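Participant: Dropping a structure here in structure tokens format, bear with me for questions.
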Amino acid sequence: MLAENIQEVKKNIEEACKKAGRAPEEVQLIAVSKTKPVEMLQEVYDTGIRDFGENYVQELVDKIEVLPQDINWHMIGHLQRNKVKYIVGKVKLIHSVDSFRLAEEISKEAGRKNVQADILVEVNVALEENKFGFTLENAIEEIEKIAKLSNIRIKGLMTSAPFVANPEENRKYFRQLKQLSVDINAKNIDNVYMDILSMGMTNDYIVAVEEGATMVRVGTAIFGARNYNK
Ligand SMILES: *Cc1c(COP(=O)(O)O)cnc(C)c1O
């Protein structure tokens, strides 16, 4: 069943790429597995998926310990500074860098571990009150500051669009994030690469791919609905 879900998502990504004149290889599918048991992750792994997204540090660390070593883990949830030490060096990419102080802590910890930490800068494009992230207005100046930290590499931008009935409503936000990445690229800031645009979830990943997403974070369409009160 999970294999079929993945096939369906991959097919949709391919079709969206075709429509937009993009190569399907440009889009990385991240299976968002928060709250899901390791058996389900293993099943998804067995279909060939190697990139998993998690939101909670403890759950992420527990899963890293028991699942195959060649998984690329993506931290996509809001990250507290006191938890940074548990994941730096273990995850492939932190998508949710939403403050300079968090970036500073990640860089410090990466320095202690003698690694470079790859991060994305989260932008709250739609200015939702309950969401984290920089604004379209202050993102560039914050990125210029973060870029000076010694053990961080800025690889791109991330956003979570609003939960809407019609995904077309989010197209403008995806377009704005893409435009921001183009603007930042044009500035040629040292240590800043705009290779990754992490945008699109179950509800709106097709539109996000049409607008230039290079990573889509899909949970429900692969694993089914989540139950938070188990
Ligand atoms: C949970 C989550 C997702 C996946 O959401 P679905 O709607 O289940 O696909 C993607 N991105 C972030 C940041 C999330 O927290």
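The values are calculated or read from the model by the stated rules, or taken from the named source; none is laboratory data. Since this is a predicted model, take the numbers as computed values, not measurements. Ideal geometry is used to build each Cβ from the backbone, glycine not excepted, and the neighbour counts take in all protein chains shown. These area figures cover heavy atoms from the full protein model, side chains too; ligands, DNA and RNA do not enter into them. Shrake-Rupley method; radii C 1.70, N 1.55, O 1.52, S 1.80 Å.
Participant: Give the residues of region 142-163 that are aliphatic (A, V, I, L, M) and open to solvent by less than 20 Å² (accessible area, probe 1.4 Å), sorted by residue number. Break it down stepwise before answering.
Facilitator: The first filter runs over region 142-163 and keeps only residues aliphatic (A, V, I, L, M), leaving 143, 146-147, 149, 152, 154, 157-158, 161.
Across region 142-163, the qualifying residues are Ile143, Ile146, Ala147, Ile152, Ile154, Leu157, Met158, Ala161.
Participant: Turning to a different aspect of this structure: Go through region 166-198 and report how many residues are under 18 Å from Ile140 (Cβ atoms), touching a helix residue (DSSP H, G or I) at 6+ places or on another chain (Cβ under 8 Å) and touching a residue at least 40 places away in the same chain (Cβ under 8 Å).
Facilitator: Residues meeting the conditions: 7.
Participant: Do you know which residues across region 108-141 are of a type in the set (Asp, Glu) and either in contact with a strand residue (DSSP E or B) (Cβ under 9 Å, 6 or more places away or on another chain) or open to solvent by 60 Å² or more (accessible area, probe 1.4 Å) (or both)? Please lay out each step first, then the result.
Facilitator: In the first step, residues of region 108-141 are kept if they are of a type in the set (Asp, Glu); the result is 109, 118, 122, 128-129, 137, 141.
Residues satisfying the conditions are Glu109, Asp118, Glu122, Glu129, Glu137, Glu141.
Participant: Let me ask another. Going through region 186-206 one residue at a time, which ones are surrounded by 23 or more Cβ atoms within 10 Å (Cβ to Cβ) and over 26 Å from Leu149 (Cβ atoms)?
Facilitator: Scanning region 186-206 gives Gly200, Asp204, Tyr205.
Participant: May I pose another question? Quickly run through region 115-149 and pick out the residues that are of a type in the set (S, T, N, Q) and closer than 19 Å to Asn82 by Cα. Before you say what the answer is, go through the steps one by one.
Facilitator: Filtering region 115-149 for residues of a type in the set (S, T, N, Q) gives 116, 124, 130, 135, 138.
Matches in region 115-149: Gln116 only.
Participant: Among the residues in region 210-218, are any surrounded by 13 or more Cβ atoms within 10 Å (Cβ to Cβ) and more than 20 Å from Asn12 (Cα to Cα)? Before you say what the answer is, go through the steps one by one.
Facilitator: As a first pass, look at region 210-218 and keep what is surrounded by 13 or more Cβ atoms within 10 Å (Cβ to Cβ): 210-218.
Add one more test, that the residue is more than 20 Å from Asn12 (Cα to Cα), and what stays is none.
Checked against the condition, which is being surrounded by 13 or more Cβ atoms within 10 Å (Cβ to Cβ) and more than 20 Å from Asn12 (Cα to Cα), region 210-218 yields no hits at all.
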